[in-house]
């Protein structure tokens, strides 16, 4: 294990885990596994007004569902809980006092209104509105209660080699002295992130490119605290199919919606990783072991990724068909709702065998269950009526019904052979052999494998339905 390779996922518990954040978590986890390092989870909940325990529980549930296990963290019942910034105030106060003691930070009582007045006056006088403590006083106040703490922005440049974007540099002359500890003692985002990443020995920060603008301030803080900054990799944003920022108008965006919508975690891991990275092989269907083996920084993309719902569905279907039969039986039954009660265990196994090639989402099973219920099928389409009225179709229905009546039970293989026998007996094959039987049993022209449908319905009930359809056809004629 490469103990020096340490990454973290740091969501704010202010809502559900969305596709963009899930993609970030997945990349961090995969790269930690690729390099034999550690993946840490940190809940950034210093915004007490917007943070909620419910959101945190939802995020943790989604990460567990994805299988993104994390190392380290507070012990909770023998398991690692996440780090929480709300429980780490002592670290932020201690770091701020270090900077104060070194003369690298200062107390400031400037209000938001005063700062806005300073900005407006600077612009009116033709100066850059860059604050350098002009209104804060040279000496620390005797009473620091209610004062915030600002960092002295040094002269120079913050420059780094981004593992995705390459060389980036920002002149400090454009950056005002910024608050690191608010007047109520809470840390600002940039300060808390840096203090935590130092304490947690984070080696690589992999996050969305919306954080590029935060990086210069964070680099200043690393240097002020005497710490080597981590390597940064800012991954491009995700766009919708219309090439605009991904949002609710593009459909489901939270991970919980995809979980409830019948997607598999391995399919989401596969697809979301491809929104930032590509395999040298060009393959898109990548099981987890291949992702871990092949992913690395040198193939992270620099351009914004376009979310393709159809490709995700396709990948989900591929992963679904790779599941073992026992697992798929359980998943289909669990997504069937009230339909689960209609069939016993052996029937569910046959349904799974019949449907696994027909579905892309686990929820698709709901729309296929009517094929297996053995309910009388209403034939309302005029073209279907004409087809059933043909002499060949009636011979098939009669011969199949008669042969089924003599079977106590039958597996799918036996029923396949039965179709062969009926075809030979009545000299009918192709569409006129199978379509009349399918319509009589399901009322549909297409669907899962017909012998497996008959196996679930059972020979006796199948014979009844065929006979009833034949009788209705002959009566209408």
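Key figures
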{"quantity": "Condition broken by residue 229, with the remaining ones in (1) touching a helix residue (DSSP H, G or I) at 6+ places or on another chain (Cβ under 6 Å); (2) over 30 Å from residue 168 (Cβ atoms); (3) not assigned by TED's automatic domain parsing to the domain that holds residue 19 satisfied", "calculated": "(2)"}
{"quantity": "Filtered residues of segment 407-423 (kept if loosely packed, with under 14 Cβ neighbours inside 10 Å and in contact (Cβ under 8 Å) with a residue 40 or more places away in the chain)", "calculated": "408, 409, 411"}
{"quantity": "Residue selected from segment 10-42 under the condition without any contact (Cβ under 8 Å) to a residue 60 or more places away in the chain and part of a strand (DSSP E or B), by the criterion farthest from the chain's Cα centre (by Cα)", "calculated": "38"}
{"quantity": "Residue check for residue 362: assigned to a loop (DSSP other than H, G, I, E, B), in contact with a helix residue (DSSP H, G or I) (Cβ under 7 Å, 6 or more places away or on another chain) and closer than 27 Å to residue 248 by Cβ", "calculated": "yes"}
{"quantity": "Members of segment 62-72 found to be touching a residue at least 24 places away in the same chain (Cβ under 8 Å) and either out of contact with any helix residue (DSSP H, G or I) (no Cβ under 8 Å at 6 or more places or on another chain) or not in a helix (DSSP H, G or I) (or both), listed by number", "calculated": "67, 68, 69, 70, 71, 72"}
{"quantity": "Qualifying residue in segment 151-173 (condition: under 30 Å from residue 209 (Cα atoms), in a helix (DSSP H, G or I) and under 44 Å from the mean Cα position of the chain (by Cα))", "calculated": "yes"}
{"quantity": "Candidate set: segment 457-477, residues that are in contact with a helix residue (DSSP H, G or I) (Cβ under 9 Å, 6 or more places away or on another chain) and over 18 Å from residue 403 (Cβ atoms); chosen: the one surrounded by the most Cβ atoms within 10 Å (Cβ to Cβ)", "calculated": "473"}
{"quantity": "Residue in segment 43-59 that is under 22 Å from residue 17 (Cβ atoms), assigned to a strand (DSSP E or B) and touching a residue at least 12 places away in the same chain (Cβ under 8 Å) present", "calculated": "yes"}
{"quantity": "Residue identified as farther than 19 Å from residue 91 by Cα and at pLDDT 95 or above among 163, 181", "calculated": "163"}
{"quantity": "Among the candidates 232, 191, residue that is part of a helix (DSSP H, G or I) and touching a strand residue (DSSP E or B) at 6+ places or on another chain (Cβ under 6 Å)", "calculated": "191"}
{"quantity": "Every pair of residues 6+ apart whose Cβ atoms lie under 9 Å, when the first sits in segment 369-398 and is within 12 Å of residue 467 (Cα to Cα) and in the same structural domain as residue 335 (by TED's automatic domain parsing) while the second is buried (at least 16 other Cβ atoms within 10 Å of the Cβ) and modelled with pLDDT of 95 or more", "calculated": "none"}
{"quantity": "Residue 330 vs. criteria under 14 Å from residue 27 (Cα atoms) and either assigned to a loop (DSSP other than H, G, I, E, B) or over 17 Å from the mean Cα position of the chain (by Cα) (or both)", "calculated": "no"}
{"quantity": "Selected residue (only one of 170, 153, 193 is surrounded by 14 or more Cβ atoms within 10 Å (Cβ to Cβ), in contact with a helix residue (DSSP H, G or I) (Cβ under 7 Å, 6 or more places away or on another chain), assigned by TED's automatic domain parsing to the domain that holds residue 95 and more than 19 Å from residue 130 (Cα to Cα))", "calculated": "193"}
{"quantity": "Qualifying residue in segment 64-83 (condition: assigned by TED's automatic domain parsing to the domain that holds residue 300, closer than 14 Å to residue 273 by Cβ and surrounded by fewer than 16 Cβ atoms within 10 Å (Cβ to Cβ))", "calculated": "yes"}
{"quantity": "Cβ pairs under 6 Å, 6+ apart, first in segment 285-301 and part of a loop (DSSP other than H, G, I, E, B), second at pLDDT 95 or above", "calculated": "285/318; 286/270; 295/30; 295/34"}
{"quantity": "Of residues in segment 305-317 being surrounded by 15 or more Cβ atoms within 10 Å (Cβ to Cβ) and in contact with a strand residue (DSSP E or B) (Cβ under 7 Å, 6 or more places away or on another chain), the one farthest from residue 263 (Cα to Cα)", "calculated": "305"}
{"quantity": "Residue match in segment 96-107 (condition: in contact (Cβ under 8 Å) with a residue 60 or more places away in the chain, in the same structural domain as residue 23 (by TED's automatic domain parsing) and not in a loop (DSSP other than H, G, I, E, B))", "calculated": "no"}
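Condition check ((1) more than 14 Å from residue 95 (Cα to Cα); (2) surrounded by 21 or more Cβ atoms within 10 Å (Cβ to Cβ); (3) modelled with pLDDT of 95 or more) across all residues:
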| site | (1), (2), (3) |
| --- | --- |
| 185 | no, no, no |
| 201 | yes, no, yes |
| 209 | yes, no, no |
| 220 | no, yes, yes |
| 224 | no, no, yes |
| 238 | yes, yes, no |
| 250 | yes, no, no |
| 256 | yes, no, no |
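Residue-by-condition table, conditions (1) under 29 Å from residue 17 (Cα atoms); (2) surrounded by fewer than 15 Cβ atoms within 10 Å (Cβ to Cβ); (3) at pLDDT below 95:
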| site | (1), (2), (3) |
| --- | --- |
| 273 | yes, no, no |
| 302 | yes, yes, yes |
| 319 | yes, no, no |
| 329 | yes, no, no |
| 341 | no, yes, yes |
| 349 | no, no, no |
| 364 | yes, no, no |
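The values are calculated or read from the model by the stated rules, or taken from the named source; none is laboratory data. Computed from a predicted model, the values in this text were never measured in an experiment. Neighbour counts run over all protein chains shown; Cβ positions are idealised from the backbone, glycine included.
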